[in-house]
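The values are calculated or read from the model by the stated rules, or taken from the named source; none is laboratory data. These numbers come from a predicted model, not from an experiment. Every residue, glycine as well, gets a Cβ built from its backbone with ideal geometry; the counts of neighbours run over all protein chains shown.
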Amino acid sequence: MPVNSELQAMLDGMNSGPPLDQVPLELLRQRGSPIPADPGASMAKVVDLTLATPDGNLPVRIYHPRAMERLPVLVYFHGGGFVLGSIDSHDSVARNLARSADCLVVSVGYRLAPEHRFPAAVDDCTAAVRWVHSHANDIGADAARIALGGDSAGGNLAAVVALRLRDEGGPMIAGQLLVYPVTQLRAPVRGSMAANGEGYFLRSRDVAWFDDMYLGDSEAHAHPYASPLQAASLGGLAPALVITAEFDPLRDQGEDYAQRLQQAGVAVTLSRYDGAFHAFLGMPADIGRRAVTEAGQWLRACFAASCSTNAGLNSTIGAQHVRGS
């Protein structure tokens, strides 16, 4: 089907810039995100904190949708290819997810590449989740109901931190919200990477540049904490909602990961939004709002079903197409 009409109206402006590798990194960061942002929901309280970690200070922002003690919590990792993006760039996404899921959202300002290459972001995000778990009472969160979430590179970090916490004995996670996640770094240019590699905002050339900035000269793309699709086993992970977009170069990566999760016995819901392209979640369009609503409903069910098991959540990998018009 064609690109969603609301998204198409924004696409020309988003496609107008040169490839990312032709623009100085400092200028890219100064310009900020080219993605039009949906207005964020109002919150009862928003708190900025700085966490002390073994690797230095780590900023987080905590969104309280209403004044109530011990709400479940979503720890959220922003997108931006591990190189761009920030807590501020994803402020509206965090607000809207907090409202939709009726949970706290802790948005994490992890270190960016190339100044801080892999695994710096993974270490920061893991430290943030452990801090939330150990300080849950202090922030009004329920330590037994912690979900992880992120979009694009942030979706990679959510999947990777879930793997790492499983491997290192916890804390237990209630669910994984993976929005058009990166699951294979330095992936071959084929399938959706080739078909959608030009003309839909995120170029396959940009994806390769992001990967190089994050990994440098290392061969870490084969490590499951860089490319979770490379994990020997995905068994024992928390339930997952994987959201993909029809015209996204990363579409196949997300859908392949959902398939692997299902094969490992993990309860997984895969929703492909037809007519959408990368980064649509936070845009001022009905299709993005519907994705936020789906994510919120899924998180509510995930929090209600169990604190750390798959009980009560069914796999719906076969019903993945969501109409984009």
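Under 6 Å between Cβ atoms, which residue pairs at least 6 apart in sequence (or on different chains) link something in the stretch 50-65 that is farther than 11 Å from ALA127 by Cα and among the charged types (D, E, K, R) with a partner that is at pLDDT 95 or above and not in a strand (DSSP E or B)?
ARG61/ILE87
Residue pairs, Cβ under 6 Å, 6 or more apart or interchain, first in the stretch 175-198 and at pLDDT below 95 and outside any loop (DSSP other than H, G, I, E, B), second of a type in the set (A, V, I, L, M, F, W, C) and crowded, with 16+ Cβ neighbours inside 10 Å. List them.
none
Check the stretch 109-124 and report whether any residue there is among the hydroxyl-bearing types (Ser, Thr, Tyr) and part of a loop (DSSP other than H, G, I, E, B).
Yes: one or more hits.
For the stretch 46-93, name all the residues that are charged (D, E, K, R) and under 28 Å from TYR180 (Cα atoms).
Answer for the stretch 46-93, where residues must be charged (D, E, K, R) and under 28 Å from TYR180 (Cα atoms): ASP48, ARG61, ASP88, ASP91.
Looking for something surrounded by 22 or more Cβ atoms within 10 Å (Cβ to Cβ), part of a strand (DSSP E or B), in contact with a Phe, Trp or Tyr (Cβ under 9 Å, 6 or more places away or on another chain) and in contact (Cβ under 8 Å) with a residue 12 or more places away in the chain - is there at least one such residue anywhere in the stretch 156-174?
The answer is no; no qualifying residue exists.
Looking only at the stretch 282-299, count how many residues are touching a residue at least 60 places away in the same chain (Cβ under 8 Å) and farther than 21 Å from ILE146 by Cβ.
Here the count works out to 10.
Within the stretch 211-233, can you find the residues that are of a type in the set (A, V, I, L, M, F, W, C) and either within 16 Å of PRO181 (Cβ to Cβ) or crowded, with 19+ Cβ neighbours inside 10 Å (or both)?
Within the stretch 211-233, MET213, LEU215, ALA226, LEU229, ALA231 qualify.
Under 9 Å between Cβ atoms, at least 6 apart or on separate chains: pull out the pairs that start in the stretch 1-28 with a residue that is within 25 Å of ARG289 (Cα to Cα) and end on any residue that is of a type in the set (S, T, N, Q) and not in a helix (DSSP H, G or I).
Note: pairs meeting the criteria are MET1/SER325; PRO2/SER325; ASN4/SER325; SER5/SER325.
Is the stretch 287-302 home to any residue that is touching an Asp or Glu at 6+ places or on another chain (Cβ under 9 Å), acidic (Asp, Glu) and either modelled with pLDDT of 60 or more or within 23 Å of ALA41 (Cα to Cα) (or both)?
Checked against the condition, which is being touching an Asp or Glu at 6+ places or on another chain (Cβ under 9 Å), acidic (Asp, Glu) and either modelled with pLDDT of 60 or more or within 23 Å of ALA41 (Cα to Cα) (or both), the stretch 287-302 yields no hits at all.
Quick check: anything in the stretch 244-263 crowded, with 24+ Cβ neighbours inside 10 Å, within 21 Å of ILE146 (Cα to Cα) and touching a helix residue (DSSP H, G or I) at 6+ places or on another chain (Cβ under 8 Å)?
no
Of GLY236, GLY275, which residue is surrounded by fewer than 17 Cβ atoms within 10 Å (Cβ to Cβ) and assigned to a loop (DSSP other than H, G, I, E, B)?
GLY236 is the lone residue from the list that is surrounded by fewer than 17 Cβ atoms within 10 Å (Cβ to Cβ) and assigned to a loop (DSSP other than H, G, I, E, B).
Enumerate the strands (runs of 3 or more DSSP E) found wholly within the stretch 1-107, keeping only those where 2 or more residues are over 21 Å from the mean Cα position of the chain (by Cα) and surrounded by fewer than 17 Cβ atoms within 10 Å (Cβ to Cβ).
45-53, 56-64
Listed residues ALA208, ALA144; which is of a type in the set (A, V, I, L, M, F, W, C), surrounded by fewer than 24 Cβ atoms within 10 Å (Cβ to Cβ) and not in a helix (DSSP H, G or I)?
It is ALA144.
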